[in-house]
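For reference, the structure discussed in these notes is given below.
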Amino acid sequence: MKNITGFSFTGKRVLIRVDFNVPLDENFKITDDSRIVATLPTIKKVISDGGKAIIISHLGRPKKGFEERFSLKHIVNHLSFLLDRNVAFSGDCIGENTANDVAKMQDKDVLLLENLRFYKEEKSGDRSFAKQLSELADVYINDAFGTAHRAHASTTIITQFFPNEKYFGLLFKKEITNLEFALRSTKGPFTAIIGGAKITGKIDVITALLDKVDNLIIGGGMAYTFAKSMGANIGNSLVEDEKIGLAKQLIELAKSKGVNLYLPSDSVNANKFDNNAETNTSEITNIPNGFMGLDIGQESIAKFSEIIEHSKTIIWNGPMGVFEMSNFEKGTREIANAICKVTEKGAYSLVGGGDSVAAIKQFGLAKKVSYISTGGGAMLAYLEGKTLPGVDAILS
Ligand code: 3PG
Ligand code: MG
């Protein structure tokens with residue numbers, strides 16, 4: 001991989017594409033800064049070489065130009081705090097004012113540009129927009145692994161203007177190294193735990209993982225569609241009726257490939273989607289009418305934990321239940337605990353996807369897994385074996 005370790009950025013203007021798409025609360029305070037922290041090594045490398053760090057990112061999905069809540073100005077103070085140095089901000093990412101802001105930079109300066117997605121040309125992969133961005137710098141680094149599955153102007157198209165001066169950042173490289181490590185692991189049993197609300201979006205990854213893993217554990221909302229496909233009465237639980245046939249096929253596919261597919265056997269149910277709802281526990285095949293499953297039950301926790309505790313390689317994406325509500329977090333917490341326990345004994349564990357990462361942080365267990373990916377969609381696409389446009393653009 002073309003990475004920056006052996007390169008010196010002294011005196012260079014360096015455009016660093018990062019993924020600062022971080023959650024902000026209603027006062028624009030950052031509620032999880034992991035994605036920012038994760039790219040500090042790349043930014044620091046450029047600064048310590050004596051380069052000029054020009055940082056570009058998207059934030060959220062703005063619809064039509066500037067929107068206050070998606071402005072990257074909300075990131076400036078925290079980035080400055082983390083780097084322990086002044087960070088300047090440009091209120092645009094192309095144009096005369098931004099060019100002037102760059103021209104004023106001294107070596108070792110850091111300049112953050114405004115949200116790339118305030119221009120629709122970013123997402124459409126517009127060549128002239130990419131060219132304008134490229135003119136700000138001598139060298140391009142992509143450290144935005146979380147956005148590597150998007151063929152956008154700043155992640156992909158821009159590289160044609162840096163045919164010999166394009167690099168992966170240190171985070172990007174670390175992400176690929178860890179994903180490759182898990183996928184190529186010969187240390188079995190290899191267990192994938194896939195959860196979350198819906199099968200939609202996870203079909204390709206489940207299918208691809210069936211060629212790799214020994215065990216596939218399914219939890220979260222999507223488990224109820226699988227259960228229904230096997231004839232269960234799931235009450236008012238979340239269900240994708242149009243995916244029932246597919247769930248059945250995936251169960252068959254697992255069987256034909258010799259993969260052990262584990263679904264929850266019991267379910268914690270509620271009469272409404274509310275932490276204070278009336279609750280009960282039942283077999284997943286027999287959820288009382290008027291109740292919806294919001295977490296896996298104790299029997300499932302015990303079974304899943306046992307599988308995990310005998311595994312040597314683990315990939316986890318997606319929670320087991322509604323962990324945001326204290327009465328339905330237990331399944332997710334216990335699965336996280338089991339993963340941490342076996343990691344301590346030497347297994348390799350990789351966790352990714354916004355919700356599972358939020359959960360593992362909520363439980364204070366983030367330091368106890370082998371690797372936490374900053375990618376959600378990008379991590380899934382990589383596990384699916386897809387070529388990521390952001391990767392291709394640097395390698396080609
Ligand atoms: C993400 O959080 O998934 C990445 O930052 C990409 O954002 P997107 O899904 O809006 O393209
Ligand atoms: Mg996304």
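Structure notes:
- Residues (free of Cβ contacts under 8 Å to residues at least 24 places away in the same chain and among the charged types (D, E, K, R)) located in the stretch 180-197: Glu180, Arg184
- Residue that is touching a residue at least 24 places away in the same chain (Cβ under 8 Å) and either of a type in the set (Ser, Thr, Tyr) or over 28 Å from Leu380 (Cβ atoms) (or both), where the choices are Glu96, Glu135, Glu121: Glu135
- Test result for Ser8, surrounded by fewer than 24 Cβ atoms within 10 Å (Cβ to Cβ), among the hydroxyl-bearing types (Ser, Thr, Tyr) and under 24 Å from the mean Cα position of the chain (by Cα): no
- Single residue of the stretch 37-69 satisfying the filter (in a helix (DSSP H, G or I) and among the charged types (D, E, K, R)) that is nearest to ligand 1 (Cβ to nearest atom): Arg69
- Any chance Asn280 is at pLDDT 95 or above and surrounded by 15 or more Cβ atoms within 10 Å (Cβ to Cβ): no
- Taking the stretch 15-37 as the range and being surrounded by 23 or more Cβ atoms within 10 Å (Cβ to Cβ), within 16 Å of ligand 2 (Cβ to nearest atom) and among the hydrophobic types (A, V, I, L, M, F, W, C) as the test, the residues that pass are Val18, Phe20.
- When each of Thr200, Thr177, Thr207 is tested for being surrounded by fewer than 24 Cβ atoms within 10 Å (Cβ to Cβ), assigned to a loop (DSSP other than H, G, I, E, B) and either free of Cβ contacts under 8 Å to residues at least 60 places away in the same chain or more than 16 Å from ligand 2 (Cβ to nearest atom) (or both), the lone residue that passes is Thr200.
- Gly125 meets each of the listed conditions (1) within 13 Å of ligand 1 (Cβ to nearest atom); (2) in contact with a Phe, Trp or Tyr (Cβ under 8 Å, 6 or more places away or on another chain) apart from (2).
- Residue check, Ala358 surrounded by 20 or more Cβ atoms within 10 Å (Cβ to Cβ), under 15 Å from the mean Cα position of the chain (by Cα) and part of a helix (DSSP H, G or I): no
- Selection status of Ile307, modelled with pLDDT of 95 or more, closer than 15 Å to Val213 by Cβ and of a type in the set (A, V, I, L, M): yes
- Residue check for Gly331: in contact with a helix residue (DSSP H, G or I) (Cβ under 9 Å, 6 or more places away or on another chain) and within 16 Å of ligand 1 (Cβ to nearest atom): no
The values are calculated or read from the model by the stated rules, or taken from the named source; none is laboratory data. Given the structure is predicted, the values throughout are model-derived calculations rather than measurements. Cβ sites come from the backbone with ideal geometry, for glycine too, and all protein chains shown count toward neighbours.
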